[in-house]
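Written out below as structure tokens is the structure these notes cover.
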Amino acid sequence: MSTSLILDNPATPEFANWNSYQNFAHRVQHDRRYATDRASRAFIETVMATVPHREYLLNALMILLRAQRDVDEEEVVDKDGDIVAIRQCGCKAERMKPIAERATEGRANPAGIAFLYLASDIETAVSEVRPWIGSYVSVAQFRIVRDLRLVELARGYGHIGAAELLVGQLAGDKTVDPETKRRAVWTDIDNAFSRPVTRDENSTDYVPTQILAEAFREHGYDGLVYRSNFGDPGFNVVLFDLGAAKVISCAPYRITKVKIDFEKAGEAWADEEKPNS
């Protein structure tokens, strides 16, 4: 039987291949999305069967942060009632929460379905909205109102999942035990949720993680926690219920510096034509 026809098995539970997530992502992006096929359903069910070891309890009263690229302004008046200055202040609470009808595509949510994206620290929260030097942002503190059961998607961040096993396969190592396959698949899932969202990204790139987020929600989880690519050791938290956290304060900030790190991603081409003598 062809390897591509072997299904993930939620009863065991065992993933059919070390690259099961990548196969799933390709199917739902380019073949069947809403009425998922048998292979995609088997993958989702196997993910759900192996998710208990990824449960994370977010305690009530914990404080998390959220930034928005906007601030309010208020007039400063003197004792005579004359306006002497305009000062920035944090946006109102309703502005700091997403509106369902206006929700845009996100790593975990499709357009029109609002989830609450929060961060563990101010640097991560501000970085996630991609501000530029001189711009103003509002940063709100959110208090978690009840204990929440999340799926922890941070363990495999930055590690190589299926690609690492592919090297072994090419080197002649044909046997991959169930635990190694599980670790590779979950590492790919972790990295898929942590990958930054870019403004020019194709909306189909969101589809695999949106489907998994919906499956986690359907199985009773309250949200997700995953590593941020902005700031170390920052974390992002996605809550499925907008009412699971309450805004308790909001302050304005001005961006004074933006740091960009980069690395060479390939070899440069060079014009080998010799100049005229």
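The values are calculated or read from the model by the stated rules, or taken from the named source; none is laboratory data. In this text, all values refer to a predicted model and were calculated from it rather than measured experimentally. Don't worry about glycine lacking a Cβ; one is built from the backbone with ideal geometry, like all the others, and counts go over all protein chains shown.
Filter the range 1-36 down to residues that are closer than 21 Å to Ala192 by Cα and either in a loop (DSSP other than H, G, I, E, B) or touching a Lys or Arg at 6+ places or on another chain (Cβ under 9 Å) (or both), then give me how many there are. Lay out the reasoning, then the answer.
Just the residues of the range 1-36 that are closer than 21 Å to Ala192 by Cα, to begin with: 8, 14-34, 36.
Remaining after also requiring either in a loop (DSSP other than H, G, I, E, B) or touching a Lys or Arg at 6+ places or on another chain (Cβ under 9 Å) (or both): 8, 14-20, 27, 31-34, 36.
Of the residues in that region, 14 qualify.
Regarding the range 246-262, can at least one residue be identified that is touching an Asp or Glu at 6+ places or on another chain (Cβ under 7 Å), at pLDDT 90 or above and under 16 Å from Ala119 (Cβ atoms)?
No, that holds for no residue.
Could you please find all residues in the range 229-254 being in contact with a strand residue (DSSP E or B) (Cβ under 7 Å, 6 or more places away or on another chain) and either of a type in the set (Gly, Ala, Ser) or surrounded by fewer than 17 Cβ atoms within 10 Å (Cβ to Cβ) (or both)? Working first, answer last.
Initial filter on the range 229-254 (in contact with a strand residue (DSSP E or B) (Cβ under 7 Å, 6 or more places away or on another chain)): 234-240, 242, 244-254.
Within the range 229-254, Gly234, Leu242, Ala244, Ala245, Lys246, Ile248, Ser249, Ala251, Arg254 qualify.
Which of the following residues is among the small types (Gly, Ala, Ser), surrounded by 13 or more Cβ atoms within 10 Å (Cβ to Cβ) and closer than 20 Å to Gln22 by Cα: Ala67, Ala42?
Exactly one residue qualifies, and that residue is Ala42.
Which residue pairs have Cβ atoms under 6 Å apart, sit 6 or more places apart or on different chains, and have a first residue in the range 201-222 that is in contact (Cβ under 8 Å) with a residue 12 or more places away in the chain and outside any helix (DSSP H, G or I) and a second that is acidic (Asp, Glu) and surrounded by fewer than 16 Cβ atoms within 10 Å (Cβ to Cβ)?
Close Cβ pairs (under 6 Å, with a partner that is acidic (Asp, Glu) and surrounded by fewer than 16 Cβ atoms within 10 Å (Cβ to Cβ)) do not exist here.
Here's a check for you: in the range 59-101, which residue that is of a type in the set (Lys, Arg) and in contact with a strand residue (DSSP E or B) (Cβ under 7 Å, 6 or more places away or on another chain) is modelled with the highest pLDDT?
Just the residues of the range 59-101 that are of a type in the set (Lys, Arg), to begin with: 66, 69, 79, 87, 92, 95, 97.
After this cut, where a residue has to be in contact with a strand residue (DSSP E or B) (Cβ under 7 Å, 6 or more places away or on another chain) as well, the list is 66, 69, 87, 92, 95, 97.
On the way: Arg66: 98, Arg69: 94, Arg87: 91, Lys92: 95, Arg95: 93, Lys97: 94.
Looking at the filtered set, the residue picked out is Arg66.
Any idea which residue in the range 49-96 is nearest to the chain's Cα centre (by Cα), counting only those that are polar (S, T, N, Q) and part of a strand (DSSP E or B)? Steps first, answer last, please.
Step one: of the range 49-96, the residues polar (S, T, N, Q) are 50, 59, 68, 88.
After this cut, where a residue has to be part of a strand (DSSP E or B) as well, the list is 68, 88.
Numbers: Gln68: 17, Gln88: 30 Å.
In this case the residue turns out to be Gln68.
Which members of the range 44-90 meet the condition of being in contact (Cβ under 8 Å) with a residue 24 or more places away in the chain, closer than 30 Å to Tyr136 by Cβ and among the hydrophobic types (A, V, I, L, M, F, W, C)? Quick ask: steps written out before the conclusion?
Residues of the range 44-90 in contact (Cβ under 8 Å) with a residue 24 or more places away in the chain: 44-51, 54-72, 88-90.
Subset that is closer than 30 Å to Tyr136 by Cβ: 58, 61-72, 88-90.
Within the range 44-90, Leu58, Leu61, Met62, Ile63, Leu64, Leu65, Ala67, Val71, Cys89 qualify.
Restricting to the range 225-252, name every residue that is of a type in the set (A, V, I, L, M, F, W, C) and over 18 Å from the mean Cα position of the chain (by Cα). Give the steps one after another, and end with the answer.
Within the range 225-252, the first condition is being of a type in the set (A, V, I, L, M, F, W, C), and the residues that meet it are 225, 230, 235, 237-240, 242, 244-245, 247-248, 250-251.
Matches in the range 225-252: Ala244, Ala245, Val247, Ile248, Cys250, Ala251.
Okay, residues lined up against (1) more than 15 Å from the chain's Cα centre (by Cα); (2) crowded, with 17+ Cβ neighbours inside 10 Å; (3) farther than 20 Å from Ala213 by Cα; (4) at pLDDT 90 or above:
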| residue | (1), (2), (3), (4) |
| --- | --- |
| Leu118 | no, yes, no, yes |
| Glu123 | yes, no, yes, yes |
| Leu148 | yes, yes, no, yes |
| Gly168 | yes, no, yes, no |
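Just to verify a result, which residue in the range 184-197, among those that are free of Cβ contacts under 8 Å to residues at least 40 places away in the same chain and surrounded by 19 or more Cβ atoms within 10 Å (Cβ to Cβ), is farthest from Val225 (Cα to Cα)?
Thr187
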